[in-house]
């Protein structure tokens with residue numbers, strides 16, 4: 001008897017192991033690459049969600065505080081002109097802000113906007129949570145999964161709160177415009193619209209970052225998306241599925257139950273035919289006219305839905321805040337690192353004879369003040385190639401420190417200026433460069449032509465023609481006209 005029980009237990013274990021293996025094979029498409037991915041995927045998703053949540057929280061709080069401060073300044077200014085009017089306009093202003101903050105801190109979940117990329121991340125984590133056969137058996141990985149899911153849910157809440165804040169600030173802006181537009185507060189209203197516009201653009205920037213998947217995220221999502229098991233799970237458990245009932249398997253009891261009580265197409269057709277027949281000779285024409293009107297109204301509603309910022313990623317919706325009265329700076333919503341551009345340039349000079357020849361190799365980093373202005377600094381190294389064809393050698397012929405300003409003139413043409421310090425003497429060690437009297441000054445002014453290129457490392461080519469207006473007082477003299485070729489990495 002004991003022997004038979006033992007055999008039975010072995011068979012059950014084998015069947016369970018075989019079922020688990022079949023499940024993993026079905027999920028991974030016959031490859032074990034997905035099984036090795038989740039730990040790294042969880043780390044990346046958790047870090048991204050946590051980082052975006054923190055940034056979003058700070059930006060939202062800052063936007064509310066800036067708006068409230070602006071209202072207080074306007075109220076104070078208006079009180080000196082008409083105290084009764086100021087009291088009338090701002091009587092319940094602070095209370096509205098207080099009510100909003102209480103609403104945001106409540107546990108009530110409010111749907112504000114559907115974001116496909118966030119839905120994919122959230123559903124993929126729920127899928128892994130319910131199918132932990134794909135995960136490593138270590139406690140650490142399961143903790144990472146719980147943390148990632150918590151961070152993504154937290155980010156989702158913050159994004160929905162941010163949408164509520166945006167709507168609230170937009171309503172306050174419109175209210176103040178109605179009340180103050182005839183009272184000489186155009187400058188203050190313009191500043192409010194500017195603050196609200198940049199907050200809205202920052203929200204769109206954060207949403208776009210969700211679509212920018214890193215290698216680990218992209219690979220895991222691609223592998224999951226190829227499996228029918230995940231596709232079925234996505235169709236039934238995603239946020240989109242909770243909003244709109246997706247077509248399901250007719251054999252699925254939950255799907256069949258969801259159709260209970262709904263009329264079939266045959267029943268609807270029979271009902272229409274009976275109504276038209278009982279309506280007399282002109283009933284059919286009237287029915288067609290009503291059908292066309294209904295179709296027209298349906299198309300209008302469809303267009304409004306597609307234009308709404310609460311549909312898709314909210315880019316360019318009719319409800320978005322417009323840049324009224326000012327020209328927006330698209331760089332303002334980007335981080336400091338995102339506004340940096342890195343570059344290199346080459347400038348070759350020839351002496352009186354064929355040799356020596358020196359080549360300036362320069363590196364630079366610029367900061368985009370706005371879409372049309374860049375300031376930056378850089379350094380250069382002058383490399384020598386010897387004194388003749390029979391005496392080719394690499395030598396250090398000098399060094400340089402640079403600063404520059406580029407301003408977009410039109411199209412791909414930029415006005416460029418800069419100030420440089422150049423050490424034009426051969427040196428063998430860096431101690432020689434400390435002699436500041438040996439450095440020469442250069443003041444540069446000219447034009448740059450920027451050409452977009454498709455390369456893995458370099459994104460733009462910059463051709464520069466510069467005039468050194470300080471070259472005439474340098475001893476020994478240098479050529480006043482410089483031609484440089486540069487490459488920008490972003």
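Take every Cα pair under 8 Å in the stretch 114-212 that's 6+ residues apart, average their separations, divide by the length, and report that relative contact order as a whole percent. The normalised contact order for the stretch 114-212 reaches 31 percent. For the stretch 337-488, the convex hull spanned by the alpha carbon atoms encloses 135 Å³ per residue. Extending 7 Å from the Cα toward the beta-carbon at both residue 219 and residue 421 defines two label points whose distance is 4.8 nm.
Most tightly packed first, judged by the mean number of other beta-carbon atoms within 10 Å of their residues, the peptides 373-381, 431-439 read 373-381, 431-439. Applying 1/(1 + (r/R0)^6) with r as the Cβ-Cβ distance of residue 413 and residue 55 and R0 = 22 angstrom yields a FRET efficiency of 0.05. Spin-label pair residue 284-residue 84: with each label point 7 Å from Cα along the Cα-Cβ axis, the two points sit 7.1 nm from one another. A straight chain from residue 445 to residue 129 at 0.36 nm per residue would run longer than the Cα-Cα distance by 107.6 nm.
Kindly identify the stretch 50-119 as rounded, prolate or oblate by the Cα gyration tensor criterion: order the square roots of the eigenvalues as a ≥ b ≥ c, call it rounded if a/c is under 1.5, otherwise compare a/b with b/c, prolate if a/b is larger, else oblate. Prolate. What is the stretch 424-490 by shape, rounded, prolate or oblate, if you read a ≥ b ≥ c off the alpha carbon gyration tensor as root eigenvalues and call it rounded for a/c under 1.5, prolate for a/b larger than b/c, and oblate otherwise? The shape class here is oblate. Relative contact order, whole percent, for the stretch 337-488 stands at 17, derived from Cα pairs under 8 Å and 6 or more residues apart.
Only the coordinates and a few stated rules stand behind these numbers; no lab work does. Please read all numbers here as calculations on a predicted model, not as lab measurements. Virtual Cβ from ideal backbone geometry, glycine too; neighbours counted across all protein chains shown.
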